[in-house]
1. Taking the Cα atoms of the stretch 180-392 alone, what are Rg (to one decimal) and Dmax (as a whole number) in Å?
2. Averaging sequence separations of C-alpha pairs under 8 Å and six or more residues apart, then dividing by the length of the chain, give the relative contact order as a whole percent.
3. Restricting to bridges with both residues inside the chain, how much of the DSSP beta-bridge set is antiparallel, in percent to the nearest 5?
4. Name the lysines eligible as straight-distance cross-link partners of LYS348: C-alpha to C-alpha under 27 Å, and not fewer than 8 places from it in the same chain.
5. Helices from the chain with mean Kyte-Doolittle at least 1.6 and a Cα length along the axis of 18 Å or more, per DSSP H: which?
6. So what is log10(I(q)/I(0)) for the stretch 267-352 at q = 0.12, 0.15, 0.17, 0.21 1/Å, when the Debye sum runs over its Cα atoms only?
7. Could you work out how much longer the chain between LYS392 and ARG329 gets when fully extended? Use 0.36 nm per residue separation minus the Cα distance between them, nm to one decimal.
8. Which of the trypsin sites (Lys or Arg not before Pro) found in the stretch 245-332 are loop residues per DSSP with 13 or fewer other Cβ atoms within 10 Å of their Cβ?
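A short reminder: the numbers here are calculations on the coordinates, not readings from a lab. This structure is a prediction, so every number in the text was calculated from the model and none was measured. Because the Cβ atoms are built from the backbone with ideal geometry, glycine has one as well, and the counts that use them run over all protein chains shown.
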Amino acid sequence: MKDPYQIPTRLIATTPMGDIPVREERGARHLPVGPGESDFEADLRYEPYLKAVRYLLLQKGCKKILEALASRLGRIVQLEEIEWIEIRTEKHGACYHVARADLKAAENVVSFAVNVAVSDATRSLLERDFRLLRRLAQRYQGQCLPQVYFKGAGLYKERDKRSRWLHMFVAEWFRGYHEFHLHYDQSESSLRVLLWDLDRGSRFLSRKQCVEAYRQMARILTLYYDWNNFRQIYPWHHGAGDFVLKTEKGRVNLRLITVRNYEPMVDFRTRKSSGKLLALILFFLHLTVQMRLDRLDGVGDVVWAEDYCLEGVVVGFLEGLALGDEKFRRGIPSGAVILDLLRSFTKKDWLQMLEQYLDIYELSQEELPLIQDHADTHLDKMKQVIGEVYSKYIF
């Protein structure tokens, strides 16, 4: 039987300057620190970190990763078919590090995301995310969320230090998809959406592509909204890179890569239609506001997206209601009825709704004043877009 450790493996650091092979002195360098990590937790070095990921993939004769390959390729995969493995650093976030593993098996290169927790606190978050993704990804299989395959631990061994376990789970990697964030374009003196494509070069999305991206994001989140018990995917944030995007021949395709929680945001005792409608309207209002919040270049100050994003959000919300699973939509009014209701609200009605929204959803000290500064113009534009959608579309 083939020894898994005889499979050729490359360890790579992904940087803005390009791929850097991890070996010798480069492998001894520290990984970037995720926000909120302690000095001990941040004390990871490239080579032992990536070898810990390899440990997870190769353990038990590659049994689990072979099962994941079989799931992706639709057939049984033998150990002897794996020609090489490439493991690279990708992201260092507030919750955990993310590596990517590419495996070549019988003329196919299959990519997996490996999410790595360092501390006890992030381990519990990792296990929660694994559980939620596994549960929700099955609802609309292969359409919105990554499939998850297995979890375990990799042994982190550094010379002259005590070994420790890094807890991880392996999920589908959306190949060709990239983060995107608002970026200040000096040539136009405006905020524009910049796609972080390290393969073909970072580039701005056109206004049409941006509207389509916001439409798809709103549709995905609405698909998972449960009309009967108010559960929703929350929290999510553009600044955390929760959504990824790819373009093909100018067309936009979008995925949500993480689920941190799936619970109701309102505590209504009633299950009457009036209570369900109020919860849904608050969810819609949250979509329109949260879609506008990002961090400049993903790490800077919180910034506010241009008005045109609402053109996509309103349509995506209505599409998500129409496309959702009947099991979670039983008793919901039609999209036309809901759109007519939204259209009937006055500015005063929306301001009252906004007050309720601010009491329910968690906002940072940076976000709250930004929302307050833009509240009036946001609601005016939202009402305008609702009216335009009402006159153009039939749901």
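1. 16.9, 53
2. It rounds to 12 percent for the chain.
3. That works out to approximately 95 percent antiparallel.
4. Partners within reach: LYS272, LYS276, LYS381, LYS383, LYS392.
5. Helices meeting the criterion: 309-323.
6. -0.46, -0.68, -0.84, -1.13
7. 20.2 nm
8. Filter output for the stretch 245-332: LYS249, ARG269, ARG271, LYS272, ARG330.
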